[in-house]
Structures are given as structure tokens and as C-alpha cells.
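Report on one structure; see the data block that follows.
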Amino acid sequence: MFLFRRAPSRACARTFFSFNLTPQTFHESKVLPYKKEELFNIVSDVSSYPQFIPFCTGSRILNTSTRKDMEPYTMDAELTVGFLSFNESYISKVTCVPYSSVKALASSSTPLFKTLSTVWRLEPYPSGKDYSNTTLVTLDLSFAFASPVHAAVSSAFFGQVSKQMVQAFEDRCSKVYQSKDSHHTSFLP
């Protein structure tokens with residue numbers, strides 16, 4: 001089952017003489033039939049992103065802090081994205097709070113983005129009397145490209161990429177946790 005909400009994004013607008021490089025934003029929430037621990041394992045596995053995230057062609061972990069039980073931990077990851085003739089890499093600082101959230105911020109030294117923030121939140125969601133087998137997944141994505149060329153290209157397909165990213169996450173969960181009934185869908189008020 002899933003709950004689907006999307007907030008309107010601010011698309012980059014361009015005039016003949018200038019480009020608007022304001023951040024584009026995206027918000028989506030879905031209720032998925034998985035435990036939050038299962039979903040966290042998918043979202044926090046940054047090294048597997050090229051296997052399922054659209055336009056992510058490479059990922060490598062540069063360093064990671066020591067993981068201690070349920071304490072938050074961080075990692076620096078280099079991600080490569082490719083679209084049409086563009087192929088760019090950037091570095092993100094990823095903060096993982098076990099079974100609760102994963103936040104990635106592009107490094108200020110990254111020439112690709114002026115800003116990039118991706119936040120996944122996981123919360124138990126009531127399904128009958130059982131709170132353990134369904135999870136409210138929330139994605140908040142905000143970015144602005146440093147280059148007017150990248151901004152112009154992204155404004156044409158931003159909404160589609162965002163939809164594809166969330167769908168890719170859901171498909172990955174279905175593939176990894178095949179035994180679950182991920183095809184049961186119901187809309188919530």
C-alpha cells in the first residue's frame with residue numbers, strides 16, 4: 001500500500017539573457033509494506049545506487065565513521081551522474097540515523113551543484129493494529145546546479161527524474177524483499 005503526495009517544485013525559469021539558478025524542490029511520501037529497518041538498509045547502501053537509481057552511473061565510499069549500534073554515522077561518497085552527454089561526479093556527506101533517516105548534502109567544493117540536499121525519513125505507519133510492517137517513507141530533495149547549462153537541461157526533465165527516483169527505490173525494495181506483497185496498493189485519504 002502507499003500514500004502518494006507530491007509538493008509542487010519550483011522549476012528553473014530562463015529568459016533570453018539569464019538563467020534562474022534557484023533551488024528546485026521535490027517532496028513525496030509513500031506508505032510501503034516493509035519494516036523501517038528493511039527500508040533503511042536500502043537507502044543507506046550508497047554503494048549500490050548505480051544498480052537502481054536513475055542516472056547514477058557510479059558510487060564509491062571515500063570514508064566512513066565507525067558504526068556503533070544505533071548511533072548515527074557518517075560517510076563521504078563520490079557519486080557520478082550521467083544524462084545525455086553530461087557525465088559529472090560530486091561528493092556528498094551522508095549522515096545515517098539507523099532506521100530513521102538518511103541525509104546527503106553535496107560538498108561545497110563540488111562544482112556540479114550550488115546546493116544539493118536529499119533527505120529520506122522513515123516512520124512506522126499504522127496498518128490495523130500493527131505498526132511494525134508498514135513504513136511511511138518521505139523524500140525531500142532540493143538542488144540547484146552551479147552551471148546555467150545544467151540548470152536549463154534539468155528544468156526540462158526534473159519532475160520525471162524525481163518520479164523515477166522514488167519508483168526506483170520502491171522497485172529495489174520489491175526486488176530485495178521479494179517475499180513481501182509489494183503489489184498491494186491502496187490510496188489513503
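The values are calculated or read from the model by the stated rules, or taken from the named source; none is laboratory data. Predicted model only: the values in this text are computed from it and were never measured. All Cβ positions, even for glycine, are placed from backbone atoms using ideal geometry, and neighbour counts span all protein chains on display. Side chains are part of the model used for accessible areas, which takes the heavy atoms of the whole protein and leaves out ligands, DNA and RNA. Shrake-Rupley method; radii C 1.70, N 1.55, O 1.52, S 1.80 Å.
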Here is a list of conditions, (1) open to solvent by 70 Å² or more (accessible area, probe 1.4 Å); (2) assigned to a strand (DSSP E or B); (3) β-branched (Val, Ile, Thr), and residue 31 meets all of them except one; can you say which number that is? (1)
Could you look through the range 43-59, keep only residues that are among the polar types (S, T, N, Q) and part of a strand (DSSP E or B), and pick out the one that is surrounded by the most Cβ atoms within 10 Å (Cβ to Cβ)? 59
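Here are some residues: 175, 93, 103, 163. Which one is at pLDDT below 90 and among the basic types (Lys, Arg)? So that I can check it myself, show each step before the final result.
Values: 175 fails: at pLDDT below 90; 93 fails: at pLDDT below 90; 103 fails: at pLDDT below 90.
Residue meeting the stated conditions: 163.
Which of the residues belonging to the range 65-79 are out of contact with any helix residue (DSSP H, G or I) (no Cβ under 8 Å at 6 or more places or on another chain), open to solvent by less than 90 Å² (accessible area, probe 1.4 Å) and touching a residue at least 12 places away in the same chain (Cβ under 8 Å)?
Let us first name the residues in the range 65-79 that are out of contact with any helix residue (DSSP H, G or I) (no Cβ under 8 Å at 6 or more places or on another chain), namely 65-74, 76, 78.
Right, trim to open to solvent by less than 90 Å² (accessible area, probe 1.4 Å) and you get 65, 72-74, 76, 78.
Those that are out of contact with any helix residue (DSSP H, G or I) (no Cβ under 8 Å at 6 or more places or on another chain), open to solvent by less than 90 Å² (accessible area, probe 1.4 Å) and touching a residue at least 12 places away in the same chain (Cβ under 8 Å): 72, 73, 74, 76, 78.
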Could you count how many residues in the range 80-113 are open to solvent by less than 30 Å² (accessible area, probe 1.4 Å) and under 17 Å from residue 39 (Cβ atoms)? 6
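Criterion first (over 14 Å from residue 102 (Cα atoms), of a type in the set (A, V, I, L, M, F, W, C) and open to solvent by 60 Å² or more (accessible area, probe 1.4 Å)) does residue 62 satisfy it? Outline the logic, then answer.
On the way: over 14 Å from residue 102 (Cα atoms): yes; of a type in the set (A, V, I, L, M, F, W, C): yes; open to solvent by 60 Å² or more (accessible area, probe 1.4 Å): yes.
When the stated conditions are applied, residue 62 passes them.
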